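Heads up: the structure comes next, in structure tokens.
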């Protein structure tokens, strides 16, 4: 079976594919992965001895690669196709339909969102309507995303399968290297963490602004920002302009995410929109106090004041206040951390997620026989 995703870099959708492939029942499903750019995900899959292939493309509806995709699927003798995200779908759909293969589409967050130019938004809604209507099964990673699709298209059918976390990998009781010391962060400092691709969606510039305001009132505090992206350099520039370069540690994407999370006390994700953020789930699994934007699927995992804190998106003052509140109130921080772990273990286990997706595959294949 084919798992197709737009890129080989590590992000939420890519982490989902890595975990799904690792937990599939290999007696029933033999996965092969197709990505449209190279990157660390490809290396991670190769370590798992999962067949992988890259067909270079960085745009949706890239007709130049469609025949290559079809040949690859024929060579791999694919029986079922699972695409993750809009770009992968638009570049795999033609081949799947021409080969009469069932296609499952997981929406890891819609390509249309607030802030887009109205013409661009209408075009993306039309594209999503087109590709969702041609999938045998659509999977939404949050109930919020399913409702958004229904509102946008009028008619939309989808299964909701929420993301899960690999509890063996993200285990707060395990031993990890001391990356806090490796990063040169003083042992007594409280660490506020951000792990995400630094793009408009993840709002790293407001993360910097919020932390700068918090750092004026809290002395022993450091911000650790991990992730590449087109806004990494502007974020560095903002830190320097605000005079906090010595309080912010920047790192590119790393493979040792559990160890990096272990170094953090507070995890922040100030996204402007989300499907269902795996990064938040991973931080909760590692027992971190989470501050996240009150958007889309995020609010389905984070209950404000119970297992984390929610703040309005694009509101650095609210993010500053939340950081200072958790920094000053250790009992609250510890209570949120404990509830976060309980939430993930009871509800967001990757094994349960994988079984639900396998059931979808099985029903599709039974219908074909």
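Return one number: the angle in degrees, 0 to 90 and rounded to the nearest 10, between the long axis of the Cα atoms of helix 316-328 and the longest principal axis of the Cα atoms of the chain.
Rounded to the nearest ten degrees, it is 60.
Translational diffusion coefficient, Stokes-Einstein: compute it for the range 256-324 using the Kirkwood radius over C-alpha pairs as Rh, at 10 °C and 1.306 mPa s, and state it as an integer in µm² s⁻¹.
On the way: Rh = 11.9 Å.
My calculation gives 133 µm²/s for D.
So, by mean Cβ neighbours within 10 angstrom, what's the order for 15-22, 278-285 with the highest one leading? Spell out each step's value before the answer.
Numbers: 15-22: 21.9, 278-285: 27.4.
Highest to lowest by the protection proxy: 278-285, 15-22.
Can you list the residues of the range 185-221 with backbone N under 19 Å from a point 7 Å past the Cα of residue 330, pointing along Cα to Cβ?
186-193, 218-221, by backbone N distance to the label point.
Taking springs between alpha-carbon atoms closer than 10 angstrom, which of 154, 227, 308 fluctuates most in the Gaussian network model of the chain?
Looking only at 154, 227, 308, the biggest GNM fluctuation is shown by 154.
With viscosity set to 1.306 mPa s and temperature to 10 °C, compute the Stokes-Einstein D of the range 112-161, Rh being the Kirkwood radius across alpha carbon pairs; µm²/s, no decimals.
141
So how compact is the range 28-109: Cα radius of gyration and Dmax in angstrom?
Just the Cα atoms of the range 28-109 yield Rg and Dmax of 12.2, 33 Å.
Whole angstrom only: what separates the Cα centroid of the range 261-326 from the Cα centroid of the range 1-74?
29
With 18 Å as the cut-off, how large is the P(r) tail for the range 272-369, expressed as percent of Cα-Cα pairs? Walk me through the intermediate numbers first.
On the way: 2493 of 4753 pairs.
The share of Cα pairs beyond 18 Å in the range 272-369 comes to 52 percent.
In whole angstrom, how long is each semi-axis of the equivalent ellipsoid of the range 68-150, when you take the square root of 5 times every eigenvalue of its Cα gyration tensor and sort them from largest down? It would help to have the intermediate numbers written out before the result.
Details: eigenvalues 130, 38, 18 Å².
Equivalent ellipsoid of the range 68-150: 25, 14, 9 Å, largest first.
Using alpha carbons only, how many degrees (0 to 90, rounded to 10) separate the axis of helix 118-133 from the longest principal axis of the chain?
It is inclined by approximately 50 degrees.
In what order do 87, 28, 299 fall by count of nearby beta-carbon atoms within 10 Å, going from fewest to most? Don't skip to the end; give the middle numbers.
Details: 87 22, 28 11, 299 16.
By the 10 Å Cβ count, ascending, the order reads 28, 299, 87.
When only alpha-carbon atoms are used, what values of Rg and Dmax, in angstrom, describe the range 179-347?
14.3, 44
Given the range 122-236, what whole percent of its Cα pairs are spread farther than 23 Å?
Numbers: 3748 of 6555 pairs.
Beyond 23 Å sits 57 percent of the P(r) for the range 122-236.
For the chain, modelled as a Gaussian network with Cα springs under 10 Å, which listed residue fluctuates most, 145, 27, 163?
Checking each option, the largest mean-square fluctuation is seen for 27.
Give me the angle, in degrees from 0 to 90, between the Cα long axis of helix 204-215 and the longest principal axis of the Cα atoms of the chain, rounded to the nearest 10.
20
I'd like to compare 348-357, 250-259: which one has the highest average count of other Cβ atoms within 10 Å, and what's the full order after that?
Per-residue mean Cβ counts within 10 Å order the peptides as 348-357, 250-259.
Mind checking the log10 I(q)/I(0) for the chain at q = 0.09, 0.15 Å⁻¹? Debye, one equal scatterer per Cα, no solvent, two decimals.
Rounded to two decimals, the profile gives -0.50, -1.34.
Along Cα→Cβ, 7 Å out, is where each label goes; now give me the distance between the ones at residue 119 and residue 59 in nm to one decimal.
1.6
For residue 38 and residue 187, what does the FRET efficiency come to when R0 = 30 Å and r is the distance between their Cβ atoms, rounded to the nearest 0.05?
Working: r = 38 Å, r/R0 = 1.26.
The formula returns an efficiency of 0.20 here.
A short reminder: the numbers here are calculations on the coordinates, not readings from a lab. Keep in mind that what you see is a predicted model, and the values were worked out from it rather than measured. Cβ coordinates were reconstructed from backbone atoms using ideal geometry, including for glycine residues, and neighbour counts include every protein chain displayed.
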